[in-house]
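Heads up, the thing below is written out as structure tokens.
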Amino acid sequence: MEQRNATEVRIELWDEGDLDLLRQLNSPEMTVHFGGPETEEKILARHKRYYEIAQNGTGKMFKILLLPHLEVVGSVGYWDQTWKEESIFEIGWSVLSEYQGRGIATEATAKAIASIRSEKKKRNFIHAFPKTINPASNAICRTLGFSYIGECDFEYPIGTTIRCNDWRLAVERN
């Protein structure tokens with residue numbers, strides 16, 4: 001595995017107070033790989049899903065805090081998914097534009113993977129599905145030891161098919 005940037009981050013569970021972060025992550029520049037910004041109605045529904053996911057036992061969403069000043073700079077999370085008839089964890093991340101390129105998403109995703117590995121729920125694999133034209137997210141997968149499975153069509157958001165790379169990481173329990 002490559003040496004990662006020494007950027008220090010903390011991840012904390014998403015809560016009801018994180019709506020403003022989600023609105024920032026919903027900007028046109030931040031959603032270029034996701035089909036563009038969502039409506040306010042969809043943002044409110046997503047926010048509710050984000051802070052309820054851990055309570056429902058279907059995954060965890062986190063806000064990313066940059067140390068030492070605890071600046072809120074993005075999100076990372078994982079959730080139950082069925083992929084090719086197999087139960088997996090899907091993982092995804094987003095870091096605000098002004099904080100990109102500093103290793104923050106890589107460090108936060110590594111922490112989310114550690115959280116997955118502490119889960120009691122049995123899943124053999126974690127998958128990430130970055131767009132084929134998103135070099136930064138694909139590099140994060142390589143850096144964190146994911147195996148490249150191949151290109152695939154993926155529906156995100158619902159109703160929109162995008163071309164993605166399928167990356168897979170084995171869940172090794174702590």
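Tabulated data for the structure shown
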quantity: Check on Leu44, within 23 Å of Asp20 (Cα to Cα) and either in contact (Cβ under 8 Å) with a residue 60 or more places away in the chain or in a strand (DSSP E or B) (or both); calculated: no
quantity: Answer residue from region 141-164, given it is among the aliphatic types (A, V, I, L, M) and surrounded by 11 or more Cβ atoms within 10 Å (Cβ to Cβ) and is modelled with the lowest pLDDT among those; calculated: Ile162
quantity: Checking Thr106 against (1) in contact with a helix residue (DSSP H, G or I) (Cβ under 8 Å, 6 or more places away or on another chain); (2) closer than 15 Å to Trp14 by Cα; (3) of a type in the set (Ser, Thr, Tyr), the condition it does not meet; calculated: (2)
quantity: Unique match (being touching a residue at least 40 places away in the same chain (Cβ under 8 Å) and touching an Asp or Glu at 6+ places or on another chain (Cβ under 8 Å)) among Ile140, Ile126, Ile113, Ile133; calculated: Ile126
quantity: Selected residue (criterion: nearest to Ala108 (Cα to Cα)) from residues of region 7-28 that are of a type in the set (Asp, Glu) and under 17 Å from the mean Cα position of the chain (by Cα); calculated: Glu12
quantity: Checking Ile149 against (1) farther than 24 Å from Asn26 by Cα; (2) in contact with a Pro (Cβ under 9 Å, 6 or more places away or on another chain); (3) not hydroxyl-bearing (Ser, Thr, Tyr), the condition it does not meet; calculated: (2)
quantity: Region 125-137, subset closer than 21 Å to Thr82 by Cα and within 12 Å of the chain's Cα centre (by Cα), residue surrounded by the fewest Cβ atoms within 10 Å (Cβ to Cβ); calculated: Phe129
quantity: Every residue from region 48-75 that is surrounded by 22 or more Cβ atoms within 10 Å (Cβ to Cβ) and in a helix (DSSP H, G or I); calculated: Tyr50
quantity: Lone qualifier among Trp167, Trp93 - being closer than 17 Å to Leu25 by Cβ, modelled with pLDDT of 95 or more and aromatic (Phe, Trp, Tyr); calculated: Trp93
quantity: Output for region 100-114, where each listed residue is part of a helix (DSSP H, G or I) and surrounded by fewer than 17 Cβ atoms within 10 Å (Cβ to Cβ); calculated: Lys111, Ala114
quantity: Residue check, Phe129 aromatic (Phe, Trp, Tyr) and out of contact with any Cys (no Cβ under 6 Å at 6 or more places or on another chain); calculated: no
quantity: The one condition in (1) more than 18 Å from Thr58 (Cα to Cα); (2) among the charged types (D, E, K, R); (3) outside any strand (DSSP E or B); (4) more than 16 Å from the chain's Cα centre (by Cα) that Arg142 fails to fulfil; calculated: (4)
quantity: Tyr78 vs. criteria at pLDDT below 95, buried (at least 17 other Cβ atoms within 10 Å of the Cβ) and either among the hydroxyl-bearing types (Ser, Thr, Tyr) or in contact with a Leu (Cβ under 8 Å, 6 or more places away or on another chain) (or both); calculated: no
quantity: The listed residue being touching a strand residue (DSSP E or B) at 6+ places or on another chain (Cβ under 8 Å) and not aliphatic (A, V, I, L, M), out of Ser97, Ser115; calculated: Ser115
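The values are calculated or read from the model by the stated rules, or taken from the named source; none is laboratory data. What you see is a predicted model; the values in this text were computed from it and never measured. Quick reminder, even Gly has a Cβ in these numbers, built from the backbone with ideal geometry, and neighbours come from all protein chains shown.
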